[in-house]
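Notes follow once the structure below has been shown.
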Protein chains: 2
Amino acid sequence: MDDKVLVFGHKNPDTDTICSSIIATKLAKHLGYDAEAVRLGKINKETEYVFNYLGIEPQREISKVDEGQKIILVDHNEEAQSVEGREKAEVIAVIDHHRIADFTTTMPLYYIAKPYGCTATVLFELYQQHNLEIDKEIGTLMLSAIISDTLLLKSPTCTEKDVEVYNKLEEMLEINAKEYGLNMLKAGTDISALTAKEVIDLDAKEFMEKGKKFVVAQVNTADISDVFSRKEDISFAMEKEIADKKLDLFVFVITDIINTNSKIIALGEDKELAEKAFGQELDEDDSMLLEGVVSRKKQIAPPLLENL
Amino acid sequence: MDDKVLVFGHKNPDTDTICSSIIATKLAKHLGYDAEAVRLGKINKETEYVFNYLGIEPQREISKVDEGQKIILVDHNEEAQSVEGREKAEVIAVIDHHRIADFTTTMPLYYIAKPYGCTATVLFELYQQHNLEIDKEIGTLMLSAIISDTLLLKSPTCTEKDVEVYNKLEEMLEINAKEYGLNMLKAGTDISALTAKEVIDLDAKEFMEKGKKFVVAQVNTADISDVFSRKEDISFAMEKEIADKKLDLFVFVITDIINTNSKIIALGEDKELAEKAFGQELDEDDSMLLEGVVSRKKQIAPPLLENL
């Protein structure tokens, strides 16, 4: 078991999860915890852009935790999205911006969640409450997380608070946030070197509710047809995942970050759930265009969960 | 459905739950919500003392909420302790100091929980963060809640933060907190006018986990033998409750607030769970003295839950 308190975000880490675990670790240290930021998977191209920009290295990767390990969770709480062994670990704190589900403790804990667009926005407030300085590195990590989770403030998950913090950080960092953000988002859309399996794993979240198990995976792009041209390979990889993980449904979401639309591919025994959830029929190729839909958290997961 | 956001604590309300719902309502109004404090049951003698001291009336009582009702929970999160109809209500926020269990939402929300001795201590911090003035009434409600939940700072649930806030409030209110607190606690121990059924209902919490259903009810006293002299009637009322609610276990805790010990009575099919949890055998009369044990949350519920 690690003596330190391990701080990490969800599996298939995205930019918010990776950046927020580093940001939260600095706060935990400030509050007297011997904390270390770790991660539950490979960083993606978008996050790589952030690390290269700052000239820093990604944190250590772990795959499970031992019994009694002290942990702090950021950017998630659901069991299926968390570390292996968590049920026997001791959760000291959670800092999050998602719904709460499948999360149980035996002891009281710190749980700070707000319905903002990004975990880093919650952390910005906590830094201010604790009078903790936001230096260039921490500020850039915060800004990058907000840009990533809100698609440069264009996602419906983006709140006034996210915009306010984005503006403050842009001023503090003396950076052109829009230019930086577009470059960062574009770096994340480059999937040319990835296999279909890697593409569907890139940002996949698993949900378990009412006895049903399903995955919603998402990929950002500047051109939907670019990704959709690989549909055959992607569907094949999805079918394999459904068989391997005994999923009832797999929804793959291709999100156009320029025009803020998404095309989804739905496979699995319960694929009519997607039709019910979005009030449209799937095309013959199991796909459906969702106008104005970009957010898994706000526009895709809730209708699926409500129609279970 | 009520247009207002309803703010309430747990069933069988205690002083923290009642006071914190009023304190949280003022904060919610300050943040722009049209909020109203309500309660899920009769106030107890201890809380009555607080209301009489302040010359104010208890809030309105409700028994259930309609579908879509906007609600804010304080001092609890577990389904079994909350309002009827909650599964179809919209939880906007939770302010709490308990473990998290049996709590699921479909949408993100405000969830502010800290492992402090009292919900009002969490609220004190929130008032400070939002620069909201703590007047005499709100301050007295906060102090009363802290005194009640920490047994005048003597419970093991009491944290440094509770002590700090207690001291600040004592100074702000220009009150002798110990004298006020002892009078308040003593007012709460007067159960002479209550039936045995009312005594076991006074501060009962229901738990549901791993298919087991159990209740831990607690009563404070200045003299355990005083309450224990009514054991026959109390056991009878407990047996009836076990039958009516199909409980696997009922633990009744008589807590000596002067010497900080508790005597428990354990009944139900799973009463050996109490023996396992506390590492002692029950006496022939199904009772057991627990030296130094005063906190259901920290010293009674966790060992029971861990030995399920």
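The values are calculated or read from the model by the stated rules, or taken from the named source; none is laboratory data. Computed from a predicted structure; not experimentally measured. Neighbour counts are summed over all protein chains in view; Cβ atoms, including those assigned to glycine, are modelled from backbone coordinates with ideal geometry. In case anyone asks, the SASA skips ligands and DNA or RNA and just uses the protein heavy atoms, side chains included. Shrake-Rupley method; radii C 1.70, N 1.55, O 1.52, S 1.80 Å.
Neighbours of B:Leu109 by Cβ distance under 14 Å: Lys/Arg scored +1, Asp/Glu scored -1, total +3. For the stretch A:4-186, averaging the sequence separation of C-alpha pairs within contact (under 8 Å, six or more residues apart) and dividing by the residue count gives a relative contact order of 22 percent. Charges on Cβ only, +1 for Lys and Arg, -1 for Asp and Glu, centred on the Cα centroid of the protein assembly as shown; of A:Ile264, B:Ile254, B:Asn167, which one is farthest towards the dipole's positive end? The one lying farthest along the dipole's positive direction is B:Asn167. For the stretch B:69-104, a reduction of at least 30 Å² in accessible area between the chain on its own and the assembled protein chains (probe 1.4 Å) is found at B:Arg99, B:Ile100, B:Phe103, B:Thr104. For the stretch B:216-221, backbone phi angles converted through the Karplus equation (6.51, -1.76, 1.60; θ = phi - 60°) give residue-by-residue couplings of 10, 10, 9, 9, 8, 8 Hz, Gly and Pro being listed as x. Please tell me the relative contact order of chain A in percent, rounded to the nearest whole number, where contacts are Cα pairs under 8 Å and at least six residues apart. In percent, rounded to a whole number, it is 14. Buried on complex formation within the stretch A:109-131 (loss of at least 10 square angstrom of accessible surface versus the isolated chain, 1.4 Å probe, ligands and nucleic acids ignored): A:Leu109, A:Tyr110, A:Tyr111, A:Ile112, A:Ala113, A:Lys114, A:Pro115, A:Tyr116, A:Gln129.
Placing +1 on the Cβ of every Lys and Arg and -1 on the Cβ of every Asp and Glu, with no other charges, gives the stretch A:4-186 a dipole of roughly 160 debye about its Cα centre. Proximity of backbone amide H atoms, modeled 1.01 Å from N, is registered between B:Asp75 and B:Ile95, B:Asp96, B:His97 at under 5 Å, excluding neighbours fewer than 5 places apart on the same chain.
Quick check: net charge around A:Glu170, other residues with Cβ under 14 Å of its Cβ, Lys/Arg +1 and Asp/Glu -1? Overall, the nearby charge balance is -2.
When N counts the residues of chain A, how does its alpha-carbon radius of gyration compare numerically with 2.2 N^0.38 Å, as a ratio? Walk me through the intermediate numbers first.
On the way: Rg = 18.8 Å, N = 308, 2.2 N^0.38 = 19.4 Å.
Against the empirical 2.2 N^0.38 Å value, I get 0.97 for chain A.
The local environment of A:Glu272, defined by Cβ-Cβ distances under 12 Å, has a net charge of -4 under the rule Lys, Arg +1 and Asp, Glu -1. Of the solvent-accessible surface of the protein assembly as shown, computed with a 1.4 Å probe over protein heavy atoms with every protein chain present, carbon and sulfur atoms account for 46 percent. Across the stretch B:248-308, the relative contact order, built from alpha-carbon pairs under 8 Å that are at least six residues apart, equals 35 percent. Note that the stretch A:292-308 has calculated 3J(HN,Hα) couplings of x, 9, 9, 10, 4, 5, 9, 10, 10, 4, x, x, 5, 5, 6, 9, 4 Hz, one per residue in order, obtained from phi through the Karplus relation 6.51 cos²θ - 1.76 cosθ + 1.60 (θ = phi - 60°); glycine and proline are x.
Computed over the protein assembly as shown, the per-residue total of -39500 (n - 2.57) for DSSP H runs of n ≥ 4 gives a 222 nm mean residue ellipticity of -11500 deg cm²/dmol, rounded to 500.
A simple rule links phi to the HN-Hα coupling: the Karplus curve 6.51 cos²θ - 1.76 cosθ + 1.60 with θ = phi - 60°, which for the stretch A:238-252 gives 5, 4, 5, 5, 4, 5, 5, 9, 6, 7, 8, 7, 10, 10, 9 Hz, with x for Gly and Pro. Comparing B:Asp223, B:Asp283, B:Asp96 in a Gaussian network model of chain B (Cα springs below 10 Å), the most mobile by mean-square fluctuation is B:Asp283.
Kindly report the accessible area of the protein assembly as shown per residue (heavy atoms of protein chains, probe 1.4 Å, no ligands, DNA or RNA), in Å².
Details: 25630 Å² over 616 residues.
Solvent-accessible surface per residue comes out at 42 Å².
Each Lys and Arg adds +1 at its Cβ and each Asp and Glu adds -1 at its Cβ; summed about the Cα centre, chain A shows a dipole of about 480 debye. Relative to the other identical copies, B:Glu232 shows label-point distances of 8.7 nm, where the label point lies 7 Å from Cα along the Cβ direction and values run shortest first. In this assembly, the A-B interface accounts for approximately 2300 Å² of buried accessible surface in total, computed with a 1.4 Å probe and without ligands, DNA or RNA.
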